[in-house]
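Colleague: Below: one structure in structure tokens.
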Amino acid sequence: MYKRQTERLDRLQPQNIYGFWVDKNANKIEVKYAIEKIYNVKVVKVNIMNMPPKRRRLRFKEGHTASWKKAIVRIKEGQTINIG
């Protein structure tokens with residue numbers, strides 16, 4: 001699990017919302033259990049999005065980036081995840 005930090009997610013941190021790059025095969029229950037175990041916080045809600053690959057071109061070859069899965073996690077009021 002990789003902590004995904006973007007400007008939009010930075011603005012959501014005061015509301016106890018964090019974003020993570022998770023395994024493609026992970027589901028909401030597995031993500032919730034992993035976040036609670038790794039960061040020692042109580043997870044209230046988990047939203048998951050499948051991010052599609054983007055088309056890229058390198059000189060004469062066309063290709064695409066890898067697809068990935070993003071999890072947006074809301075934690076209990078008063079708790080924080082230390083970024084660092």
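Colleague: Measuring from a point 7 Å past the Cα of ILE38 along Cα-to-C-beta, which residues in segment 58-83 have an amide N at less than 13 Å?
Modeller: Hits in segment 58-83 for ILE38 at 13 Å: 69-73, 81-83.
Colleague: Moving to a separate point now. Out of ASN25, ASN16, ASN50, any idea which swings most in a Gaussian network model of the chain, alpha carbons joined below 10 Å?
Modeller: Highest fluctuation among the options: ASN25.
Colleague: Ignoring everything except DSSP H segments at least 4 long, calculate the 222 nm mean residue ellipticity for the chain; use -39,500 (n - 2.57) per segment, divide by total residues, nearest 500.
Modeller: -6000 deg cm²/dmol
Colleague: Within a Cβ distance under 14 Å of GLN15, other residues only, what is the Lys/Arg minus Asp/Glu net charge?
Modeller: Result for the neighbourhood of GLN15: +3.
Colleague: So what is the accessible area of the chain per residue, in Å², with the probe set to 1.4 Å?
Modeller: Roughly 79 Å² per residue, with all protein chains present.
Colleague: About the Cα centre of the chain, what is the dipole size in debye to 20, counting +1 per Lys and Arg Cβ and -1 per Asp and Glu Cβ, all else neutral?
Modeller: In total the dipole reaches around 420 debye.
Colleague: Work out the P(r) tail for the chain: percent of alpha carbon pairs separated by more than 18 Å, whole number.
Modeller: Of all Cα-Cα pairs in the chain, 46 percent lie more than 18 Å apart.
Colleague: Another question, if that's okay. Might you work out the accessible area of TYR33 for me, using a 1.4 Å probe with all protein chains in place, and round it to the nearest 10 Å²?
Modeller: In the full protein context, TYR33 sits at about 140 Å².
Colleague: Angle, helix 28-39 long axis vs. longest principal axis of the chain, Cα atoms, 0 to 90°, nearest 10?
Modeller: 60
Colleague: Here's a follow-up. Have a look at LYS54, LYS69, LYS32 and tell me which one the Gaussian network model of the chain (Cα, springs below 10 Å) gives the largest fluctuation.
Modeller: In the Gaussian network model the winner is LYS54.
Colleague: Choose one answer from ARG56, ARG74, ARG11: the residue with the largest mean-square fluctuation in a GNM of the chain with alpha-carbon springs under 10 Å.
Modeller: So, out of ARG56, ARG74, ARG11, the one fluctuating most is ARG56.
The values are calculated or read from the model by the stated rules, or taken from the named source; none is laboratory data. Everything quoted here is computed from the prediction, not taken from an experiment. Cβ coordinates were reconstructed from backbone atoms using ideal geometry, including for glycine residues, and neighbour counts include every protein chain displayed. With ligands, DNA and RNA removed, areas are computed over all heavy atoms of the protein, side chains included. Shrake-Rupley method; radii C 1.70, N 1.55, O 1.52, S 1.80 Å.
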